[in-house]
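Report on the following structure.
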Amino acid sequence: MPEGTAEDLPGEEVADGFRRMWRDLLPVGRHDATGGYRRHAWTSADAECRDWFAAQASERGLAYETDRNGNQWAWLGDPGAGNAVVTGSHLDSVPDGGAYDGPLGVVGAFAALDALRARGVRPQRPLAVVNFTEEEGARFGLACLGSRLMTGAVRPETAGALRDADGVTLAAAMERAGRDPEAAGRDDERLARIGVFVELHVEQGRHLAGTPHPVGVASAIWPHGRWRFDFHGEANHAGTTRLEDRRDPMPAYAAAVLAARAGAERLGALATFGRVRVEPNGTNAIASLVTAWLDCRAPDAALLDRLVEETTAAAEGARVTRESYTPVVDFDVPLRDRVARVLGGAPVLPTGAGHDAGILAGEIPSAMLFVRNPTGVSHSPHERAEEADCLAGVAALAAVLEDLLAPAAGGPGVAR
(Lines give C-alpha, C1' and ligand atoms only; values in the text may rest on other atoms or scores of the structure.)
Protein backbone atom coordinates (compact mmCIF):
# COMPACT_ATOMS: atom_id res chain seq x y z
CA MET A 1 0.00 0.00 0.00
CA PRO A 2 2.70 2.63 0.78
CA GLU A 3 3.93 2.49 -2.81
CA GLY A 4 0.43 3.03 -4.21
CA THR A 5 0.81 0.45 -6.96
CA ALA A 6 -2.07 -0.51 -9.23
CA GLU A 7 -2.70 -3.81 -7.45
CA ASP A 8 -3.43 -1.89 -4.27
CA LEU A 9 -6.40 -0.13 -5.82
CA PRO A 10 -9.96 -1.44 -5.40
CA GLY A 11 -11.60 -3.42 -8.18
CA GLU A 12 -13.12 -1.62 -11.14
CA GLU A 13 -16.68 -2.07 -9.92
CA VAL A 14 -15.83 -0.43 -6.61
CA ALA A 15 -13.85 2.29 -8.39
CA ASP A 16 -16.82 2.97 -10.67
CA GLY A 17 -19.06 3.21 -7.61
CA PHE A 18 -16.68 5.71 -6.05
CA ARG A 19 -16.71 7.81 -9.25
CA ARG A 20 -20.50 7.71 -9.44
CA MET A 21 -20.92 8.81 -5.82
CA TRP A 22 -18.36 11.56 -6.29
CA ARG A 23 -20.03 12.75 -9.50
CA ASP A 24 -23.49 12.83 -7.90
CA LEU A 25 -22.30 14.78 -4.85
CA LEU A 26 -20.02 17.20 -6.70
CA PRO A 27 -22.64 19.79 -7.80
CA VAL A 28 -24.39 20.03 -4.43
CA GLY A 29 -23.82 23.42 -2.81
CA ARG A 30 -21.27 24.53 -5.40
CA HIS A 31 -21.17 28.28 -5.98
CA ASP A 32 -21.05 29.14 -9.67
CA ALA A 33 -19.00 32.32 -9.29
CA THR A 34 -16.26 30.96 -7.03
CA GLY A 35 -16.29 27.24 -7.78
CA GLY A 36 -16.21 26.67 -4.03
CA TYR A 37 -18.75 24.96 -1.80
CA ARG A 38 -21.27 26.49 0.59
CA ARG A 39 -22.66 23.42 2.29
CA HIS A 40 -23.55 24.98 5.63
CA ALA A 41 -25.38 23.16 8.40
CA TRP A 42 -29.17 22.99 8.24
CA THR A 43 -29.43 24.79 4.88
CA SER A 44 -30.89 23.55 1.60
CA ALA A 45 -27.46 22.43 0.39
CA ASP A 46 -26.97 20.51 3.62
CA ALA A 47 -30.38 18.89 3.16
CA GLU A 48 -29.35 17.71 -0.32
CA CYS A 49 -26.17 16.21 1.12
CA ARG A 50 -28.19 14.48 3.83
CA ASP A 51 -30.62 13.09 1.24
CA TRP A 52 -27.64 11.80 -0.72
CA PHE A 53 -26.31 10.02 2.39
CA ALA A 54 -29.67 8.43 3.12
CA ALA A 55 -29.91 7.24 -0.50
CA GLN A 56 -26.47 5.59 -0.29
CA ALA A 57 -27.56 3.75 2.84
CA SER A 58 -30.77 2.60 1.16
CA GLU A 59 -28.95 1.39 -1.96
CA ARG A 60 -26.79 -0.87 0.19
CA GLY A 61 -29.59 -2.16 2.40
CA LEU A 62 -28.09 -0.49 5.47
CA ALA A 63 -30.14 0.54 8.49
CA TYR A 64 -30.38 4.32 8.37
CA GLU A 65 -30.95 6.69 11.28
CA THR A 66 -30.33 10.26 12.40
CA ASP A 67 -29.31 10.69 16.01
CA ARG A 68 -30.62 13.34 18.39
CA ASN A 69 -27.74 15.70 17.49
CA GLY A 70 -28.40 15.51 13.77
CA ASN A 71 -25.58 13.12 12.85
CA GLN A 72 -26.46 10.53 10.20
CA TRP A 73 -25.70 6.81 10.55
CA ALA A 74 -25.82 3.85 8.15
CA TRP A 75 -25.46 0.46 9.86
CA LEU A 76 -24.41 -2.95 8.65
CA GLY A 77 -25.26 -5.41 11.42
CA ASP A 78 -27.04 -4.85 14.71
CA PRO A 79 -26.34 -1.33 16.04
CA GLY A 80 -27.23 -2.46 19.55
CA ALA A 81 -24.66 -5.26 19.61
CA GLY A 82 -21.91 -2.86 20.68
CA ASN A 83 -18.17 -2.77 19.89
CA ALA A 84 -18.97 -1.42 16.41
CA VAL A 85 -16.36 -0.30 13.91
CA VAL A 86 -17.37 3.18 12.68
CA THR A 87 -15.97 5.18 9.79
CA GLY A 88 -16.98 8.37 8.00
CA SER A 89 -16.46 12.12 8.19
CA HIS A 90 -18.62 15.13 7.27
CA LEU A 91 -20.32 16.68 4.23
CA ASP A 92 -20.51 20.36 5.25
CA SER A 93 -17.95 22.91 4.12
CA VAL A 94 -16.29 26.17 5.03
CA PRO A 95 -17.43 29.17 2.94
CA ASP A 96 -16.22 28.48 -0.61
CA GLY A 97 -14.38 25.38 0.54
CA GLY A 98 -13.04 22.53 -1.55
CA ALA A 99 -14.66 19.32 -2.67
CA TYR A 100 -12.52 16.87 -0.69
CA ASP A 101 -12.43 18.08 2.91
CA GLY A 102 -15.03 15.88 4.55
CA PRO A 103 -16.81 14.32 1.55
CA LEU A 104 -13.79 12.16 0.68
CA GLY A 105 -14.17 10.45 4.06
CA VAL A 106 -17.88 9.77 3.59
CA VAL A 107 -17.71 8.69 -0.06
CA GLY A 108 -14.59 6.69 0.77
CA ALA A 109 -16.38 4.96 3.66
CA PHE A 110 -19.23 3.74 1.45
CA ALA A 111 -16.72 2.68 -1.21
CA ALA A 112 -14.64 0.80 1.38
CA LEU A 113 -17.79 -1.02 2.50
CA ASP A 114 -18.43 -1.91 -1.15
CA ALA A 115 -14.87 -3.23 -1.40
CA LEU A 116 -15.34 -5.45 1.65
CA ARG A 117 -18.53 -6.88 0.22
CA ALA A 118 -16.88 -7.45 -3.16
CA ARG A 119 -14.22 -9.52 -1.37
CA GLY A 120 -16.84 -11.51 0.50
CA VAL A 121 -15.83 -10.19 3.93
CA ARG A 122 -18.35 -11.12 6.61
CA PRO A 123 -17.99 -8.66 9.50
CA GLN A 124 -17.96 -10.17 12.97
CA ARG A 125 -18.84 -6.78 14.49
CA PRO A 126 -21.33 -4.09 13.48
CA LEU A 127 -20.01 -1.60 10.93
CA ALA A 128 -21.35 1.94 10.52
CA VAL A 129 -20.78 4.90 8.22
CA VAL A 130 -21.39 8.30 9.81
CA ASN A 131 -21.86 11.86 8.56
CA PHE A 132 -21.23 14.32 11.39
CA THR A 133 -23.12 17.60 11.18
CA GLU A 134 -21.55 21.10 11.29
CA GLU A 135 -17.97 19.88 11.45
CA GLU A 136 -16.57 23.07 9.97
CA GLY A 137 -18.52 25.45 12.19
CA ALA A 138 -19.07 27.67 9.14
CA ARG A 139 -22.61 28.67 10.06
CA PHE A 140 -22.68 28.72 13.86
CA GLY A 141 -19.01 29.30 14.63
CA LEU A 142 -18.25 26.14 16.63
CA ALA A 143 -16.36 23.40 14.79
CA CYS A 144 -17.18 19.70 15.19
CA LEU A 145 -20.54 20.61 16.65
CA GLY A 146 -22.22 17.25 15.97
CA SER A 147 -19.46 15.23 17.62
CA ARG A 148 -19.03 17.77 20.43
CA LEU A 149 -22.72 17.51 21.29
CA MET A 150 -22.66 13.72 21.13
CA THR A 151 -19.69 13.49 23.50
CA GLY A 152 -20.84 16.27 25.81
CA ALA A 153 -17.91 18.51 24.91
CA VAL A 154 -20.40 21.36 24.52
CA ARG A 155 -23.56 21.88 26.55
CA PRO A 156 -26.77 21.63 24.48
CA GLU A 157 -28.11 24.95 25.79
CA THR A 158 -24.85 26.64 24.80
CA ALA A 159 -24.96 25.13 21.34
CA GLY A 160 -28.65 25.86 20.85
CA ALA A 161 -28.09 29.55 21.54
CA LEU A 162 -25.34 29.91 18.90
CA ARG A 163 -26.37 32.31 16.14
CA ASP A 164 -25.46 32.55 12.47
CA ALA A 165 -24.72 35.79 10.61
CA ASP A 166 -28.45 36.42 10.19
CA GLY A 167 -29.19 35.96 13.89
CA VAL A 168 -30.80 32.53 13.49
CA THR A 169 -30.04 30.25 16.43
CA LEU A 170 -28.94 26.66 16.02
CA ALA A 171 -32.07 25.58 17.89
CA ALA A 172 -34.29 27.44 15.41
CA ALA A 173 -32.38 26.05 12.41
CA MET A 174 -32.76 22.50 13.70
CA GLU A 175 -36.48 23.02 14.26
CA ARG A 176 -36.89 24.32 10.71
CA ALA A 177 -35.16 21.17 9.47
CA GLY A 178 -37.56 18.97 11.45
CA ARG A 179 -35.18 18.14 14.29
CA ASP A 180 -35.84 18.54 18.02
CA PRO A 181 -33.17 20.79 19.59
CA GLU A 182 -34.42 19.87 23.07
CA ALA A 183 -33.19 16.31 22.48
CA ALA A 184 -29.61 17.39 21.70
CA GLY A 185 -26.78 16.59 24.08
CA ARG A 186 -24.42 13.88 25.24
CA ASP A 187 -25.51 10.51 23.87
CA ASP A 188 -24.16 7.78 26.17
CA GLU A 189 -26.26 5.08 24.54
CA ARG A 190 -24.77 5.80 21.12
CA LEU A 191 -21.24 6.15 22.42
CA ALA A 192 -21.60 2.74 24.08
CA ARG A 193 -22.25 1.19 20.68
CA ILE A 194 -18.88 2.26 19.24
CA GLY A 195 -15.70 0.27 19.76
CA VAL A 196 -13.41 2.16 17.37
CA PHE A 197 -13.59 5.07 14.90
CA VAL A 198 -11.47 5.53 11.77
CA GLU A 199 -11.71 8.66 9.61
CA LEU A 200 -10.38 8.99 6.06
CA HIS A 201 -9.50 12.58 5.11
CA VAL A 202 -7.61 14.50 2.47
CA GLU A 203 -4.30 15.72 3.86
CA GLN A 204 -4.39 19.44 4.65
CA GLY A 205 -0.71 20.01 4.12
CA ARG A 206 2.19 18.60 2.09
CA HIS A 207 3.81 15.91 4.26
CA LEU A 208 2.94 13.24 1.68
CA ALA A 209 3.44 15.36 -1.46
CA GLY A 210 6.52 14.30 -3.39
CA THR A 211 6.74 10.99 -1.54
CA PRO A 212 5.80 7.53 -2.89
CA HIS A 213 3.09 7.26 -0.21
CA PRO A 214 -0.51 8.05 -1.23
CA VAL A 215 -1.78 7.43 2.31
CA GLY A 216 -0.49 8.37 5.76
CA VAL A 217 -1.63 7.80 9.34
CA ALA A 218 -2.28 10.61 11.83
CA SER A 219 -0.24 10.77 15.02
CA ALA A 220 -1.75 13.80 16.76
CA ILE A 221 -3.72 17.02 16.34
CA TRP A 222 -2.21 20.26 17.57
CA PRO A 223 -4.09 22.14 20.32
CA HIS A 224 -6.21 24.85 18.73
CA GLY A 225 -9.04 27.27 19.35
CA ARG A 226 -11.04 30.28 18.23
CA TRP A 227 -11.18 33.67 19.95
CA ARG A 228 -13.50 36.60 19.21
CA PHE A 229 -12.03 40.10 19.46
CA ASP A 230 -14.44 43.03 19.86
CA PHE A 231 -12.85 46.42 19.16
CA HIS A 232 -15.20 49.25 20.15
CA GLY A 233 -15.00 52.76 18.74
CA GLU A 234 -17.25 55.61 17.67
CA ALA A 235 -18.80 56.04 14.24
CA ASN A 236 -18.05 59.36 12.58
CA HIS A 237 -17.45 61.02 9.22
CA ALA A 238 -14.26 59.95 7.46
CA GLY A 239 -13.90 63.30 5.71
CA THR A 240 -14.49 65.74 8.56
CA THR A 241 -13.22 64.10 11.77
CA ARG A 242 -9.65 65.05 12.70
CA LEU A 243 -7.31 62.12 13.36
CA GLU A 244 -6.75 63.25 16.94
CA ASP A 245 -10.52 63.36 17.55
CA ARG A 246 -11.22 59.86 16.32
CA ARG A 247 -12.12 56.77 18.32
CA ASP A 248 -11.28 54.43 15.48
CA PRO A 249 -11.07 50.71 16.41
CA MET A 250 -9.40 49.73 13.15
CA PRO A 251 -5.77 50.53 14.13
CA ALA A 252 -6.04 48.28 17.20
CA TYR A 253 -7.45 45.51 15.01
CA ALA A 254 -4.58 45.97 12.56
CA ALA A 255 -2.06 45.83 15.40
CA ALA A 256 -3.59 42.56 16.60
CA VAL A 257 -3.33 41.03 13.13
CA LEU A 258 0.33 41.97 12.84
CA ALA A 259 1.09 40.76 16.36
CA ALA A 260 -0.58 37.41 15.71
CA ARG A 261 1.41 36.87 12.53
CA ALA A 262 4.73 37.91 14.10
CA GLY A 263 4.11 35.79 17.19
CA ALA A 264 3.20 32.74 15.13
CA GLU A 265 6.39 33.05 13.08
CA ARG A 266 8.53 33.41 16.19
CA LEU A 267 6.89 30.55 18.12
CA GLY A 268 6.53 28.06 15.27
CA ALA A 269 2.75 28.23 15.52
CA LEU A 270 -0.17 29.29 13.31
CA ALA A 271 -2.46 32.30 13.75
CA THR A 272 -5.14 33.57 11.39
CA PHE A 273 -7.64 36.41 11.49
CA GLY A 274 -9.79 34.97 8.72
CA ARG A 275 -13.15 36.54 9.50
CA VAL A 276 -13.99 40.14 10.32
CA ARG A 277 -17.21 42.14 10.68
CA VAL A 278 -17.22 45.94 10.62
CA GLU A 279 -20.01 48.30 11.68
CA PRO A 280 -21.37 50.40 10.06
CA ASN A 281 -19.12 49.13 7.23
CA GLY A 282 -19.15 52.32 5.15
CA THR A 283 -16.25 53.44 3.00
CA ASN A 284 -16.58 57.03 4.21
CA ALA A 285 -17.39 56.17 7.82
CA ILE A 286 -15.16 55.55 10.82
CA ALA A 287 -16.08 52.18 12.30
CA SER A 288 -17.97 51.94 15.56
CA LEU A 289 -17.18 48.26 16.03
CA VAL A 290 -14.76 45.75 14.55
CA THR A 291 -15.40 42.13 15.47
CA ALA A 292 -12.72 39.68 14.34
CA TRP A 293 -12.14 36.00 14.93
CA LEU A 294 -8.69 34.58 15.60
CA ASP A 295 -7.87 30.95 14.82
CA CYS A 296 -4.74 29.80 16.67
CA ARG A 297 -2.90 26.47 16.55
CA ALA A 298 0.43 25.43 18.07
CA PRO A 299 2.56 22.35 18.76
CA ASP A 300 1.71 22.49 22.48
CA ALA A 301 -0.66 24.24 24.87
CA ALA A 302 1.97 26.53 26.40
CA LEU A 303 2.90 27.99 23.02
CA LEU A 304 -0.75 28.39 22.12
CA ASP A 305 -1.48 30.26 25.36
CA ARG A 306 1.54 32.50 24.86
CA LEU A 307 0.52 33.37 21.31
CA VAL A 308 -3.02 34.29 22.32
CA GLU A 309 -1.74 36.36 25.27
CA GLU A 310 0.65 38.31 23.03
CA THR A 311 -2.06 38.95 20.46
CA THR A 312 -4.48 40.07 23.17
CA ALA A 313 -1.88 42.47 24.60
CA ALA A 314 -1.46 44.05 21.17
CA ALA A 315 -5.22 44.40 20.71
CA GLU A 316 -5.46 47.55 22.82
CA GLY A 317 -8.84 47.92 24.49
CA ALA A 318 -10.39 44.87 22.83
CA ARG A 319 -12.74 42.52 24.62
CA VAL A 320 -11.53 38.98 23.95
CA THR A 321 -13.77 35.93 24.29
CA ARG A 322 -12.64 32.34 23.83
CA GLU A 323 -15.32 30.62 21.76
CA SER A 324 -13.76 27.18 21.44
CA TYR A 325 -10.68 25.28 22.54
CA THR A 326 -9.44 21.79 21.80
CA PRO A 327 -6.39 20.49 23.68
CA VAL A 328 -3.74 18.41 21.98
CA VAL A 329 -5.11 15.09 20.72
CA ASP A 330 -2.75 12.13 20.70
CA PHE A 331 -4.48 9.38 18.77
CA ASP A 332 -4.63 5.96 20.43
CA VAL A 333 -1.06 4.68 20.04
CA PRO A 334 -1.76 0.91 19.84
CA LEU A 335 -4.51 1.57 17.29
CA ARG A 336 -2.32 3.99 15.33
CA ASP A 337 0.52 1.47 15.20
CA ARG A 338 -1.86 -1.30 14.23
CA VAL A 339 -3.26 0.77 11.36
CA ALA A 340 0.23 1.68 10.12
CA ARG A 341 1.22 -1.98 10.28
CA VAL A 342 -1.85 -3.09 8.30
CA LEU A 343 -0.84 -0.53 5.66
CA GLY A 344 2.67 -1.90 5.39
CA GLY A 345 4.40 0.82 7.40
CA ALA A 346 2.57 3.90 6.10
CA PRO A 347 4.12 7.16 7.28
CA VAL A 348 2.83 8.66 10.53
CA LEU A 349 2.33 12.43 10.56
CA PRO A 350 0.81 15.18 12.74
CA THR A 351 -1.78 17.76 11.69
CA GLY A 352 -2.83 21.20 12.78
CA ALA A 353 -6.41 20.71 11.61
CA GLY A 354 -9.26 19.70 13.89
CA HIS A 355 -11.50 16.74 13.05
CA ASP A 356 -14.41 14.77 14.49
CA ALA A 357 -11.92 11.96 15.10
CA GLY A 358 -10.10 14.30 17.46
CA ILE A 359 -13.27 14.94 19.44
CA LEU A 360 -14.15 11.25 19.62
CA ALA A 361 -10.61 10.33 20.66
CA GLY A 362 -11.37 11.46 24.21
CA GLU A 363 -14.06 8.77 24.44
CA ILE A 364 -13.26 6.08 21.87
CA PRO A 365 -10.04 4.68 20.33
CA SER A 366 -9.78 6.68 17.10
CA ALA A 367 -7.48 6.87 14.09
CA MET A 368 -7.15 8.91 10.91
CA LEU A 369 -5.88 8.17 7.43
CA PHE A 370 -4.71 11.01 5.20
CA VAL A 371 -4.82 10.92 1.39
CA ARG A 372 -1.99 12.73 -0.39
CA ASN A 373 -2.72 16.31 -1.44
CA PRO A 374 -0.32 17.39 -4.22
CA THR A 375 -0.47 21.11 -3.39
CA GLY A 376 -1.39 21.05 0.29
CA VAL A 377 -4.17 23.57 -0.42
CA SER A 378 -7.35 23.09 1.61
CA HIS A 379 -10.42 25.15 2.59
CA SER A 380 -10.27 26.50 -0.96
CA PRO A 381 -11.80 25.65 -4.35
CA HIS A 382 -8.25 24.68 -5.40
CA GLU A 383 -8.14 21.78 -2.92
CA ARG A 384 -7.64 18.49 -4.75
CA ALA A 385 -6.36 14.94 -4.71
CA GLU A 386 -5.60 12.62 -7.61
CA GLU A 387 -8.24 9.98 -8.28
CA ALA A 388 -5.63 7.21 -7.99
CA ASP A 389 -4.69 8.49 -4.53
CA CYS A 390 -8.34 8.68 -3.48
CA LEU A 391 -8.82 5.08 -4.58
CA ALA A 392 -5.65 4.11 -2.70
CA GLY A 393 -7.27 5.74 0.32
CA VAL A 394 -10.39 3.62 -0.20
CA ALA A 395 -8.24 0.50 -0.42
CA ALA A 396 -6.33 1.49 2.72
CA LEU A 397 -9.53 2.14 4.64
CA ALA A 398 -11.00 -1.17 3.48
CA ALA A 399 -7.87 -3.00 4.64
CA VAL A 400 -8.02 -1.32 8.05
CA LEU A 401 -11.74 -2.02 8.44
CA GLU A 402 -11.28 -5.66 7.47
CA ASP A 403 -8.58 -6.06 10.09
CA LEU A 404 -10.71 -4.41 12.78
CA LEU A 405 -13.80 -6.42 11.84
CA ALA A 406 -12.02 -9.76 12.08
CA PRO A 407 -13.04 -12.18 14.87
CA ALA A 408 -9.83 -11.51 16.83
CA ALA A 409 -10.13 -7.73 16.44
CA GLY A 410 -10.43 -6.94 20.14
CA GLY A 411 -6.75 -6.26 20.47
CA PRO A 412 -4.77 -3.28 21.72
CA GLY A 413 -6.31 0.08 20.97
CA VAL A 414 -9.64 -1.43 19.98
CA ALA A 415 -11.37 -3.00 22.97
CA ARG A 416 -13.19 -0.39 25.04
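The values are calculated or read from the model by the stated rules, or taken from the named source; none is laboratory data. Because the structure is predicted, anything quoted here is derived from the model rather than measured. Every residue, glycine among them, receives a Cβ derived from its backbone with ideal geometry; neighbour counts consider all protein chains shown. Ligands, DNA and RNA are excluded from the accessible area calculation, which covers all protein heavy atoms including side chains. Shrake-Rupley method; radii C 1.70, N 1.55, O 1.52, S 1.80 Å.
With a cut-off of 13 Å on the backbone N, no residue of segment 293-320 is near the modelled label site 7 Å out from ALA285 along Cα-Cβ. The accessible-area ordering, largest first, of the residues ILE359, ILE221 stands as ILE359, ILE221, per a 1.4 angstrom probe.
Rounded to the nearest Hz, the phi-derived 3J(HN,Hα) couplings of segment 291-308 under the Karplus curve 6.51 cos²θ - 1.76 cosθ + 1.60 (θ = phi - 60°) are 10, 9, 10, 9, 9, 10, 9, 8, x, 8, 5, 5, 5, 4, 4, 5, 5, 5, where x marks glycine and proline.
Rounded, prolate or oblate: which one fits segment 99-212, using the alpha carbon gyration tensor with axes a ≥ b ≥ c (rounded when a/c is under 1.5, else prolate when a/b beats b/c, else oblate)?
Details: a/c = 2.38, a/b = 1.48, b/c = 1.61.
Oblate.
For segment 40-162, the fraction of 1.4 Å probe accessible surface lying on carbon and sulfur atoms is 49 percent. Per residue, segment 230-274 exposes 61 Å² of solvent-accessible protein surface, assessed with a 1.4 angstrom probe and all protein chains in place.
May I ask you to give the solvent-accessible area per residue for segment 150-205, in square angstrom, as obtained with a 1.4 angstrom probe? Walk me through the intermediate numbers first.
Values: 2520 Å² over 56 residues.
About 45 Å² of surface per residue is accessible.
What FRET efficiency would be calculated for the residue pair ALA209, LEU243, taking the C-beta separation as r and a Förster radius of 60 Å, to the nearest 0.05? Intermediate values should be presented prior to the final figure.
On the way: r = 48 Å, r/R0 = 0.80.
The value I calculate is 0.80.
Could you state, as a whole-number percent, how many of the C-alpha pairs of segment 322-406 are farther apart than 14 Å? Show your work: numbers first, answer last.
Working: 2496 of 3570 pairs.
Considering segment 322-406, 70 percent of its Cα-Cα pairs are separated by more than 14 Å.
Taking the centroid of alpha carbons for each part, segment 155-222 and segment 100-141 are 13 Å apart. Distance from the alpha carbon centroid of segment 352-389 to that of segment 51-77 works out to 22 angstrom. Protein-only accessible surface at a 1.4 angstrom probe places the residues LEU270, LEU113 in the order LEU270, LEU113, largest first.
Using θ = phi - 60° in the Karplus curve 6.51 cos²θ - 1.76 cosθ + 1.60, the 3J(HN,Hα) couplings for segment 28-33 round to 5, x, 7, 8, 4, 6 Hz; x is entered for Gly and Pro. Volume per residue of the convex hull around the Cα atoms, evaluated for segment 149-226, comes out as 177 Å³. When TYR64, TYR37 are compared by accessible area of protein heavy atoms, the largest-first order is TYR64, TYR37, using a 1.4 Å probe.
Give me D for segment 1-122 in µm² s⁻¹, whole number, from Stokes-Einstein with Rh from the Kirkwood sum over alpha-carbon pairs, 10 °C and 1.306 mPa s. Before the final figure, lay out the partial values.
Numbers: Rh = 15.7 Å.
It diffuses with D of about 101 µm²/s by this estimate.
Hydrodynamic estimate: the Kirkwood radius of segment 230-384 over Cα pairs, inserted into Stokes-Einstein at 20 °C and 1.002 mPa s, corresponds to D of 115 µm²/s. For the chain, the 222 nm mean residue ellipticity estimated from helices alone, with every DSSP H stretch of n ≥ 4 adding -39500 (n - 2.57) and the total spread over all residues, rounds to -10000 deg cm²/dmol.
Each DSSP beta bridge with both residues in the chain is either parallel or antiparallel, and the antiparallel ones are about 70%.
Over the chain, what relative contact order in percent results from Cα pairs under 8 Å that are six or more residues apart?
Across the chain, relative contact order equals 23 percent.
Here the simple spin-label model places points 7 Å from the Cα toward Cβ, and for ARG19 and VAL333 these points are separated by 4.4 nm. Rolling a 1.4 Å probe over the protein heavy atoms gives segment 311-416 an accessible area of 39 Å² per residue.
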